[in-house]
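J.: Shown below is the structure under consideration.
The values are calculated or read from the model by the stated rules, or taken from the named source; none is laboratory data. Since the model is a prediction, treat every value here as computed from it, not as a measurement. Neighbour counts are summed over all protein chains in view; Cβ atoms, including those assigned to glycine, are modelled from backbone coordinates with ideal geometry.
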Amino acid sequence: MSSLSRWPLSFGLCLLLLVSPLNAEIQVPPKSQPYKPIVITVQPANVPEGAQVRGSVVCETAELLPGPSNEVWHCWAAPGTHLVKASGVWVQTRNVQIDGQTVPVLVDFGAYTESATFVVGEGVEPNPTPVPPPGERWLIIVEESSQRTAQQANLYNELRADKTAKILIADQHDSSELVRRYVAQIPDGTYLPVAVVVDQSGKVVRIAALPDTVSGVKELLK
């Protein structure tokens, strides 16, 4: 779930109480191969040009990563039939001059909601939480080291000190063959850092947004 603009969430919640939801178009391949990146595009209907949009995309049985634009998401799903939901609000404003100051004035607003299903593999119904293939797994954290935050640095130090999990932290520009192999499987435009879960054979079984705690990171390996 991710915000698509920066105006206050409380304002968006108020709008949802005041307007009738409109439809949005969710574009997702009806059938895909297991553990392959899937591109999901959400286009809210009847949104005026230049309007600000705040929304979310949710799929409880798959991993979702923000794409290169507000409308695009990358999905990583286990075999099964999955339901993706999109909802949000939009606001159109125009700037006016009041006492020498430029002030945005509300022109129009609305809300949208939509859902769609897609099948991965043969369409067997998944467990509530998809489980990767059994066996020992390890984690590659792919980051942009030049943009590492203090919080991320602390997390990496804690992970390095913990000897119970097999974790590799690598920059996306690392030229080693091992790192390049897995960086190539991360969808273009994905926000870093991301966690790439690899099984004992070296196959990628999950790509997910990196949790901000050691326990959250280790949960990905279960």
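J.: If the Cβ limit is 7 Å and pairs must be 6+ apart or interchain, which residue in the range 44-58 that is assigned by TED's automatic domain parsing to the domain that holds Ala111 and in contact (Cβ under 8 Å) with a residue 24 or more places away in the chain pairs with which residue that is of a type in the set (Phe, Trp, Tyr) and not in a strand (DSSP E or B)?
T.: Every condition considered, the pairs that remain are Gln52/Trp7; Arg54/Trp7.
J.: Let me ask you something else. Based on what the data block shows, is Thr61 in contact with a Gly (Cβ under 7 Å, 6 or more places away or on another chain), assigned by TED's automatic domain parsing to the domain that holds Trp90 and at pLDDT 80 or above?
T.: Working: in contact with a Gly (Cβ under 7 Å, 6 or more places away or on another chain): yes; assigned by TED's automatic domain parsing to the domain that holds Trp90: yes; at pLDDT 80 or above: yes.
In short, yes.
J.: Separate question: Name the pairs whose Cβ atoms lie under 6 Å apart, with the first residue in the range 86-98 and more than 30 Å from Glu60 (Cα to Cα), the second in a strand (DSSP E or B) and among the acidic types (Asp, Glu), and 6 or more positions between them or separate chains?
T.: Cβ pairs passing all conditions: Gln92/Asp108.
J.: Could you check the range 165-222 and list, in sequence order, the residues that are under 16 Å from Trp138 (Cβ atoms), exposed (fewer than 13 other Cβ atoms within 10 Å of the Cβ) and within 20 Å of the chain's Cα centre (by Cα)?
T.: Glu219
J.: Sticking with this one: Report yes if Ser146 is at pLDDT 85 or above and outside the structural domain of Ala195 (by TED's automatic domain parsing), otherwise no.
T.: Details: at pLDDT 85 or above: yes; outside the structural domain of Ala195 (by TED's automatic domain parsing): no.
Judged against the criteria, Ser146 is not a match.
J.: Name the single residue that is farthest from the chain's Cα centre (by Cα) among those in the range 1-33 being part of a loop (DSSP other than H, G, I, E, B), modelled with pLDDT of 50 or more and surrounded by fewer than 15 Cβ atoms within 10 Å (Cβ to Cβ).
T.: The first filter runs over the range 1-33 and keeps only residues part of a loop (DSSP other than H, G, I, E, B), leaving 1-8, 19-20, 23, 28-30, 33.
From what's left, modelled with pLDDT of 50 or more: 23, 28-30, 33.
Pick out the ones that are also surrounded by fewer than 15 Cβ atoms within 10 Å (Cβ to Cβ) and you get 23, 29-30, 33.
On the way: Asn23: 21, Pro29: 17, Pro30: 19, Gln33: 19 Å.
The selected residue is Asn23.
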